[in-house]
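*Asks:* Dropping a structure here in structure tokens format, bear with me for questions.
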Amino acid sequence: MLEQRTAEQSAIRKHTKQPDIQQYINGRFVESESGARFVNHSPFTNEVINHVSKGSKMEIDKAVAAAKKAFKEGPWGKMKVSERMKYIERIADLIDEEAEELSYLESLDTGLPIAQTRNMAARAAENFRFYSRMVQTRMHGEAYMQDNEFVNYTVYSPLGPVGLITPWNAPFMLTTWKVAPALATGNTVILKPAELSPLTANKLAEIIHKAELPEGVFNIVHGFGETAGATLVAHPDVEAISFTGETVTGSAIIKNAADTLKKTSMELGGKSPLIVFDDADVDRALDAAVWGIFSFNGERCTANSRVFLHKNIKDTFVKALKERVQNIKIGDPMDPATQLGPLIDKGHFEKVTGYIEIAKEEGCEVFQGTVPEELKTGNYVPATLLLNATNDMKIAQEEIFGPVMAVIEFETEEEVIAYANDVKYGLAGYVWTNDIKRGHRVAQAVEAGMLWINAQNVRDLRIPFGGMKASGIGREGGHYAILEFYTEPKVIHVAIGDHRIPQFGK
Ligand code: NAD
């Protein structure tokens, strides 16, 4: 009864206007120098949620200067690890305290169903706790004896001010996935959040402010990618850029970072295959295939947007897919029963619906659920199947980033591996079979950074996250973030004997 009332209450807490958002620079919430602002719209109603301070070069310069000063002169990089981790764990605790508010803001801003953003807030807190543990237990170097003449060892130092640029899909989870390791390793941060989803980034600034991190350690500049983002990337005092977003943006950032020889990490787009063989547990494969593309409104980098079905099971699988697609609950993102919400904005809605038109022109049978009449003011695209697709179609090659599944038939293992790999992306892949040898064989043959066998996308934070080909360069997660990206290894050679030194000129 109590549970039911709580669910009802959160369903009632609907779409409200939010206070306007300022920049967070050097420990203060401030307006941009120009006073310029941009509008943040609701994906559910397309009404104004609030106005956001629009940062430009001036704000980036100030934020970078603050982060540089905090790194060079402040206590952050010099304090004991255990002391720094108290701040990191305090951030996690504050996220837990604000979990309900965070999931509400995330759903309000992005249209993601509240039942799904609830898990994200918990995961975001875990990102901080995880990196606190990692830094305390795994941030160690190597040591070698060299012929009893030298001891050589490595130490890992933070880089300095780092720029983090994040997308609008699952923004709080993805942002904390970068901020936690960056801060835990002793760097200072300038975050440029996606302009379409500023609410939870601002909440993170409030949380970090409350956790009383030294000023300048964490800064946020809100603004557009081509201006604020590009200025951050080009700034000579920024040591590294960690980016998650579209593949084309990733290449623009790499080019822009070249003049200052910046370290970059790229988490980019995907067009991931899910392969179902005829010996698979098809009921579980069905659950995973449906969840993998229709959860998070289909705006998910690792979504199984291409589903390959063995010809022996195709007809029954498609029949079951059609039933699911018709039954997926489309609704208000604030309703805990909603499974599919509206897309982030009108522009993205037009992109996704444009691809559905292309699918028709390419000869697919389009099968969709129905958007209820009362939701038509939102950016809703119903769960959509593109049936009888072939892998060479545009809709099977390009990232649509919406609740749209292309369904493709195959006959042999060789054929499906070739299809899976005949795409520019290589982020994730899913293989369903009860033949254990084939499962491993196919998973190893698919060109992707992350494969799951007989599983949906379940993450292990200790394992590297990222893609190959056009899906990215580098990895996040586990020790990759702390030892390979956010720190620089330094080698110390110590002579412990009197090795021979050539005596030139003697
Ligand atoms: P996007 O590339 O349009 O924007 C991402 C961020 O980059 C935003 O903050 C934006 O303002 C900024 N930006 C844009 N142009 C820039 C420039 N020239 N210089 C610097 N910054 C710039 O991506 P999006 O539409 O926000 O996100 C969706 C994309 O992200 C999809 O392609 C999705 O697959 C990808 N994604 C990948 C992963 C992963 O881990 N591989 C995770 C989530 C999302």
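Please treat every number below as a calculation from the coordinates, not as lab data. This structure is a prediction, so every number in the text was calculated from the model and none was measured. Heads up, the Cβs are rebuilt from the backbone with ideal geometry, glycines too, and the neighbour counts pull from every protein chain shown.
*Asks:* How large is the convex hull of the Cα atoms of region 288-428 per residue, expressed in Å³ as a whole number?
*Replies:* Here the figure is 108 Å³ per residue.
*Asks:* Which peptide among 367-375, 424-432 comes first, and what is the full order, when sorted by highest mean count of other Cβ atoms within 10 Å?
*Replies:* 424-432, 367-375
*Asks:* Moving on. Compare the Cα positions of Asn202, Pro161, Leu174 along the charge dipole of the chain (+1 at Cβ of Lys, Arg; -1 at Cβ of Asp, Glu; about the Cα centre) and return the one farthest towards the positive end.
*Replies:* My answer, from the dipole projection, is Pro161.
*Asks:* Moving on to the next point. Ordered by packing density, taken as the mean number of other Cβ atoms within 10 Å over each peptide's residues, highest first, how do 405-418, 449-462, 229-242 rank?
*Replies:* 229-242, 405-418, 449-462
*Asks:* Would you pull out the residues with amide H under 5 Å of Phe465's amide H, same chain only if 5 or more places away, H placed 1.01 Å from N?
*Replies:* Amide H to amide H, under 5 Å and 5 or more residues apart or across chains, Phe465 pairs with Glu476, Gly477.
*Asks:* Next question, about the same structure. Taking only the alpha-carbon atoms of region 334-404, what semi-axes of the equivalent ellipsoid follow from 5 times the gyration tensor eigenvalues under a square root, in whole Å, largest first?
*Replies:* Output for region 334-404: semi-axes of 23, 13, 10 Å.
*Asks:* On to the next question. From the P(r) of the chain, could you give the percentage of C-alpha pairs in the tail past 45 Å?
*Replies:* Taking all Cα-Cα pairs of the chain, the fraction more than 45 Å apart is 17 percent.
*Asks:* In region 317-413, what trypsin sites (Lys or Arg not before Pro) fall in a loop by DSSP, with at most 16 other Cβ atoms inside 10 Å?
*Replies:* Lys329, Lys376
*Asks:* While we're on this one: So what are the three principal axis dimensions of region 210-291 from its Cα atoms, in whole Å, longest to shortest?
*Replies:* 56, 37, 21
*Asks:* Quickly rank 259-272, 181-194 as a protection proxy: mean count of other C-beta atoms within 10 Å, highest first.
*Replies:* The packing order, highest mean first, is 181-194, 259-272.
*Asks:* OK, next. Percentage of Cα-Cα pair distances in region 376-506 greater than 20 Å, rounded to whole percent?
*Replies:* 63
*Asks:* Could you give the dipole magnitude of the chain about its Cα centre, charging the beta-carbon of Lys and Arg +1 and that of Asp and Glu -1, in debye to the nearest 20?
*Replies:* Charge dipole of the chain: 1260 debye, to the nearest 20.
*Asks:* Right, another one. Return the FRET efficiency for the residue pair Thr370, His440: r is the Cβ-Cβ distance, R0 is 30 Å, and the value is rounded to the nearest 0.05.
*Replies:* 0.15
*Asks:* While we're looking at this one, here's another question. Label Arg462 and Lys346 with points 7 Å out from Cα along Cα→Cβ: what is the distance between them in nm?
*Replies:* 5.0
*Asks:* Follow-up. Roughly how large, in nm² to one decimal, is the mean projection of the convex hull of the alpha-carbon atoms in region 1-151?
*Replies:* Mean shadow area of the hull around the Cα atoms is 14.5 nm².
*Asks:* For region 42-88, what is the convex hull (Cα atoms) projected area averaged across all directions, in square nanometres?
*Replies:* Its Cα hull, projected and averaged over all orientations, spans 5.8 nm².
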